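To keep things clear, I will list the structure first and then write my remarks on it.
Since every read-out is calculated from the coordinates, none of them should be taken as a lab result. A quick note: this is a predicted structure, and the numbers were derived from the prediction, not measured. Positions of Cβ are generated from backbone atoms using ideal geometry, with glycine treated the same way; all protein chains shown enter the neighbour counts.
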Protein chains: 2
Amino acid sequence: MKNFEFYSPTRVIFGSNILDNLGETAKRFGTKAMFVYGRSSIKKSGLHEKVLTLLKSSGISVTEYSGVKPNPEVAHAKRGVLKAIKSNIEVVIAVGGGSVIDESKAIAAGACYTGDLWDLYTQKAPVKKALPVIAVQTLPATSSETNLVSVLTNTETNEKFGLRSPLIAPKVSFLDPTLTYTIPLKYTAYASFDIMSHLLEGYFTSTDSFAPVQEGFVEGTVRAVMAGFERIQKDPHDWDGRSAIMWAGALAWNGLCNAGVEGAVIPNHMLEHPLSAVYDIAHGAGLAVIFPAWLKYRKESLTKRILLFGKRILQINEEITGIPENKACDKIIDRFSSWIHASGAPLSLHEAGIDNPNIPELVKQARTLSKLWNIPGYTDTDLEAIYRSAL
Amino acid sequence: MKNFEFYSPTRVIFGSNILDNLGETAKRFGTKAMFVYGRSSIKKSGLHEKVLTLLKSSGISVTEYSGVKPNPEVAHAKRGVLKAIKSNIEVVIAVGGGSVIDESKAIAAGACYTGDLWDLYTQKAPVKKALPVIAVQTLPATSSETNLVSVLTNTETNEKFGLRSPLIAPKVSFLDPTLTYTIPLKYTAYASFDIMSHLLEGYFTSTDSFAPVQEGFVEGTVRAVMAGFERIQKDPHDWDGRSAIMWAGALAWNGLCNAGVEGAVIPNHMLEHPLSAVYDIAHGAGLAVIFPAWLKYRKESLTKRILLFGKRILQINEEITGIPENKACDKIIDRFSSWIHASGAPLSLHEAGIDNPNIPELVKQARTLSKLWNIPGYTDTDLEAIYRSAL
């Protein structure tokens, strides 16, 4: 283990019928709220109306800001910042998935910064102040509801960058699993795979010989997501399955799984971010395509970790005992791919709707991220080969 | 899973040579600090001198308050409160184990309360304000460095009660595993068992049919503590072993393991608190005595959970397959007892130095705690029988 900092200061309120406290909770931070959301889904479900009623009945004036996209765009966030400043907003209420929460964090920080919002994402300027954010999570996947991170896409420069600051962590997050009952199975699969990827990046890239707290956390939580998803496949309204995925989603990327883990890096995110930046596919779908391709490409150097994954997470010990390690790894990756396929997520760029991708552009962006995130060991040839193997 | 709140707002700084930032960190909260510690051990190790130098070189005036006992006493805490008020203290720096941090939290809350400090512990009055606390953990065990809880003993009334408030959570906790290198093996064993008990209380008492995130977390972290302790038995300066136990100690009782777990209660703490309140033994030693006795007494109702514990945590699947469940449970409890014995912790009241205990008094106090903590299902006869079986 190496030195680390861990900080996840969000108060999580988890369960059914918890939203009744939204108004009073928000009021502690201010009476002028910006209510940020995506498109029509929360209107169809009635959540939009409910949130408005709850806030207004607590004496909060509400400025709505909608249209956040699945890969939220800096241009849209900038317009939100202007609106927040103009309306003297005191608290930002994010109602949606990771994208809505990420953009709400951007608006919260941008409203207290006089320069160009994108500066905060390219690390040209630090965040010094931010409005308080309250999150109502409806699509658990990125842990944005409990972490210090916001990721935005710049469509002008085709870049997707993250901002990290304790000041943008939500003050309070409301996690009601019943709000996720209506997520279509396909998107539940993407979200589940997103959560699993966050957990598994450091697990596979760790060079630690002994970090059992972190390993145990990853193994248990990945198994929980898989088991939870399998329950939801049978019954989308399965309370326990939805609860397990929602709670796993809040913890997977809040810093716990990689805290102090030597060597932990996020190559699959390095490879995926360019995909969703350029082709606007769901992040979880992109990860589902990239992860098995990456595992196959890195099989030799990852042998020990892939075997652990097979034994402790997929729990197929009997099938892989007594065969050469190389073959055992193939079997494990195949089994993992089958699980992804059965979940409904894509396994190739073609299945994700991307034919003839602009591989040089993808490689260029992945290269930029490899520098930004300190991910060693990938030549342009490696990057190209992984993208090609995922066609 | 059921509804819950989870809140652990402490910033954790973990690793070696991290204390260099103590002064600057403290200064953000004030320049008049109370430095709270126990007895002579931090003087012998040089940590006392180091902390003083670090604080003073950052321009912080330091008021020392020492003499915190392993089961910290409200009378001592009250004197600390008076001293803090008199010295206009702005920030409390706790340097020690859970006891020192617990008492520092008490002083922080008491300094902002005009009534009797014990009122806050008997729930006669709520905490409305507290001074900021910064913790330097030297004996990981209770998660006091990351949680909202403080436990004090009242020697006048022979009571041991806990106070829970977000306002007393440390703002920052410094966790340096090298500070734990000199903890004698016996006390490392007590601490390890304390950590394991915190994780296992809810695991054994859970009535949840599906809470895999929480179960996985407990299973992985208990295995980590056992493996970490076994490394320390071979080499007390084992960085990875000490790191695993320190990190497990910070997470085990911060609310994660029982978050949302149906039925999770803490009967072993109900049974142990009276022991350490009346006989002033180490909390971890008391738990080591109580836990196997409790498991044996509750074997019939806990069969399913004991089998899980044997399979997933002790990992003795082969030994318990194909034999009657009743016998398998005996084997698992025996194996657990052997591990405790080998660790150096006591397995009976006699081994803990308590002969002819005042069982009616212990039962009376456990009864009080059962009401305070809502632990159903224990008649006085049950309580007495468990204490007697631990003689």
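Please get the size of the charge dipole for the protein assembly as shown, origin at its Cα centre, with Cβ charges of +1 on Lys and Arg and -1 on Asp and Glu, quoted in debye to the nearest 20.
Values: 82 positive and 78 negative charges, 360 e Å.
Its charge dipole is roughly 1720 debye.
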In nm, to one decimal, how far is the modelled label at A:C112 from the one at A:I359, with both set 7 Å along Cα→Cβ?
4.6 nm
Given +1 on the Cβ of Lys and Arg, -1 on the Cβ of Asp and Glu, and no further charges, what dipole in debye does the range A:202-352 carry about its Cα centre, rounded to the nearest 20?
200 debye
Taking only pairs that are 8 or more places apart or on different chains, how many Lys pairs in the range B:155-312 have Cα atoms under 21 angstrom apart?
4
Report, in whole Å, the centroid distance computed from the Cα atoms of the range B:247-292 and the range B:35-104.
25 Å
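Shielding of A:227-233 by partners, i.e. mean partner chain Cβ atoms within 10 Å per residue? List each step's numbers first, then the result.
Working: counts 4, 3, 0, 0, 1, 0, 0.
Whole-number average of other-chain Cβ neighbours for A:227-233 is 1.
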Mind listing the long-range amide H neighbours of A:C112? Cut-off is under 5 Å, sequence gap 5 or more, other chains count too, H placed in the peptide plane at 1.01 Å from N.
A:L131
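Per residue of A:238-249, how many C-beta atoms from partner chains lie within 10 Å of its own C-beta, taken as a mean? List each step's numbers first, then the result.
Numbers: counts 1, 3, 7, 2, 1, 8, 8, 1, 2, 10, 3, 1.
Per residue, the number of nearby Cβ atoms from other chains is 4 on average.
Listed here are the pairs B:K105/B:K129; A:K2/B:K56; B:K2/B:K124; which of them are more than 22 Å apart at the Cα? Let's see the in-between values first.
Working: B:K105/B:K129 11 Å; A:K2/B:K56 29 Å; B:K2/B:K124 28 Å.
As for pairs spanning more than 22 Å Cα to Cα, those are A:K2/B:K56; B:K2/B:K124.
Sorted by packing (mean other beta-carbon atoms within 10 Å per residue), highest first, where do B:314-323, A:78-87 land? Mind showing how you got there, number by number?
Values: B:314-323: 12.6, A:78-87: 17.1.
Per-residue mean Cβ counts within 10 Å order the peptides as A:78-87, B:314-323.
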Within the range B:121-140, the residues whose backbone N lies under 15 Å from a label point placed 7 Å from the Cα of B:K32 along the Cα-to-Cβ direction are B:131-132
Can you compute the modelled spin-label distance between A:T157 and A:L185, with each label point 7 Å from Cα toward Cβ, in nm?
4.2 nm
Give a residue-ordered list of calculated ³J(HN,Hα) values for the range B:29-43 (Karplus: 6.51 cos²θ - 1.76 cosθ + 1.60, θ = phi - 60°; whole Hz; x for Gly, Pro).
9, x, 10, 10, 10, 9, 9, 9, 8, x, 10, 8, 4, 6, 6
Using the Karplus curve 6.51 cos²θ - 1.76 cosθ + 1.60 with θ = phi - 60°, work out ³J(HN,Hα) for each residue of the range B:349-362 in order, rounded to whole Hz, and write x for Gly and Pro.
4, 4, 4, 7, x, 10, 9, 6, x, 7, 5, x, 5, 4
Around B:S144, what is the net charge, scoring Lys/Arg as +1 and Asp/Glu as -1 over all other residues with Cβ under 12 Å from its Cβ?
-2
Extending each Cα 7 Å along its Cβ direction at B:E262 and A:L307, get the distance between those two points in nm, one decimal.
4.0 nm
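How many partner chain Cβ atoms sit within 10 Å of a residue's Cβ in peptide B:9-16, on average, as a whole number?
6
What ranking, highest mean first, results for peptides B:34-44, B:136-146 when packing means the other Cβ atoms within 10 Å averaged over each residue? Could the numbers behind the result be given before it?
Working: B:34-44: 19.1, B:136-146: 28.5.
Ranked by mean Cβ neighbours within 10 Å, highest first: B:136-146, B:34-44.
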Compute the acute angle (0 to 90°) between the alpha-carbon long axis of helix A:380-389 and the principal axis of greatest extent of the alpha-carbon atoms of chain A; round to the nearest 10°.
90 degrees
Just to be sure I understand: with springs between alpha-carbon atoms less than 10 Å apart, which residue in A:H283, A:H198, A:H76 has the highest mean-square fluctuation in the Gaussian network model of chain A?
A:H76
